[in-house]
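The values are calculated or read from the model by the stated rules, or taken from the named source; none is laboratory data. Bear in mind that the values here come from a model prediction, so they are computed numbers and not experimental data. Positions of Cβ are backbone-derived with ideal geometry, glycine not excepted, and every protein chain shown enters the neighbour counts. Each accessible area value is taken on the protein alone, full model and side chains, heavy atoms only, with ligands, DNA and RNA left out. Shrake-Rupley method; radii C 1.70, N 1.55, O 1.52, S 1.80 Å.
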Amino acid sequence: MSIRLNRLRNLEAFRDYCHRFAPLMKAHFERINDALEWADDETQTRFKAFSYPAGRKVQMTVTRQQVEGRWIRNDRESFVCPKTGLNNRMRASIHLMDLVTDLYPDSRIYLTEQVTPLFRTVQRQYPNCVGSEYLGETCALGVVNAEGVRNEDLERLSFADQSFDLVMSFDVLEHVVDARRSMQEVFRCLDHGGTFLWTAPFDSGKKQNTVRAELKDGKIVHLMPPEYHGDPMNPDGVLCFRYFGWDILDELRAVGFRDAYVVLLHSEMYGYVGNPLSFFVAKK
């Protein structure tokens, strides 16, 4: 099979998935490790696979780093296509966008990012694609700054109701203070039949969300050691407030989405390798 697409709606279904596919995944990791050839101190190598956004086979760049004497690969952020500059999760995002939505050339799309190769790739295919970054108080919401970047806050979007057929947000909802309010805003801005496709840190073995920090009386209270993630607009990174568990699907339905599920995506042919990539999909 060229691509494996698994739609899961609860923790029990995930546990069944793990039980059924454990032997296949073990064999997968062995094949990938055998295929990657490294010199002793080499930090980069190549992996041949079909890049869906590029529409051709390429030699993807795979990176690793040494941590406490051990070589570590971050497969999700590696396996970069030399033609598009898109890594594993970015290429999979575009592929999944075509698999779970019914888009047309004039479809209205909103990405909660704008200065990334992912946004540029999507906008080339869909001209009615809008992107943004969170610029804080440097300019008003909905305003484009001198560098051409639009300022939006996912908790209070400036767009009108039913503005989009698809909203995509990758590794953002863990950083907002109020995730429920952000989901409500996305729901408001989606047209009927629209799709919300997103990713965030996901603890697939837990039912409940893990709250790492919260805002009380205008001050951030850390419930766990602070964790900061990379941000193209902030060299200091941005605070992670939570990891999501399976309960987030119930929260999406409570907001009003008629269906919500997790997609686990895996394909050696397309270079979606390592642990299966997880995406949240919610249908209005």
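Scan the stretch 64-94 residue by residue and report those that are out of contact with any Ser or Thr (no Cβ under 7 Å at 6 or more places or on another chain), of a type outside the set (A, V, I, L, M, F, W, C), farther than 20 Å from F202 by Cα and modelled with pLDDT of 95 or more. Of everything in the stretch 64-94, just one residue is out of contact with any Ser or Thr (no Cβ under 7 Å at 6 or more places or on another chain), of a type outside the set (A, V, I, L, M, F, W, C), farther than 20 Å from F202 by Cα and modelled with pLDDT of 95 or more, namely G85.
For the stretch 149-163, the condition holds for no residue, the condition being that it is charged (D, E, K, R), at pLDDT below 95 and open to solvent by 50 Å² or more (accessible area, probe 1.4 Å). The listed residues are T43, T138, and the only one of them that is open to solvent by 20 Å² or more (accessible area, probe 1.4 Å), over 27 Å from E185 (Cβ atoms) and of a type in the set (S, T, Y) turns out to be T43. Remark: pairs (first residue in the stretch 252-273, under 20 Å from N74 (Cβ atoms); second residue open to solvent by less than 10 Å² (accessible area, probe 1.4 Å) and part of a loop (DSSP other than H, G, I, E, B); Cβ separation under 9 Å; 6+ apart in sequence or on different chains) = G271/F79; G271/C81; Y272/F79; V273/F79. Within the stretch 69-94, the set of residues being over 15 Å from the mean Cα position of the chain (by Cα) and either in contact (Cβ under 8 Å) with a residue 40 or more places away in the chain or assigned to a loop (DSSP other than H, G, I, E, B) (or both) comprises G69, R73, F79, C81, P82, K83, T84, G85. Of all the numbered requirements in (1) open to solvent by less than 30 Å² (accessible area, probe 1.4 Å); (2) within 30 Å of P23 (Cα to Cα); (3) not small (G, A, S), R242 misses one, and that requirement is (2).
Scanning the stretch 117-135 for residues that are open to solvent by less than 20 Å² (accessible area, probe 1.4 Å) and assigned to a loop (DSSP other than H, G, I, E, B) yields Y126, S132. If I ask for residues that are closer than 21 Å to V238 by Cβ and open to solvent by less than 10 Å² (accessible area, probe 1.4 Å), which ones from the stretch 180-193 would you list? Within the stretch 180-193, S182, M183, V186 meet the criteria.
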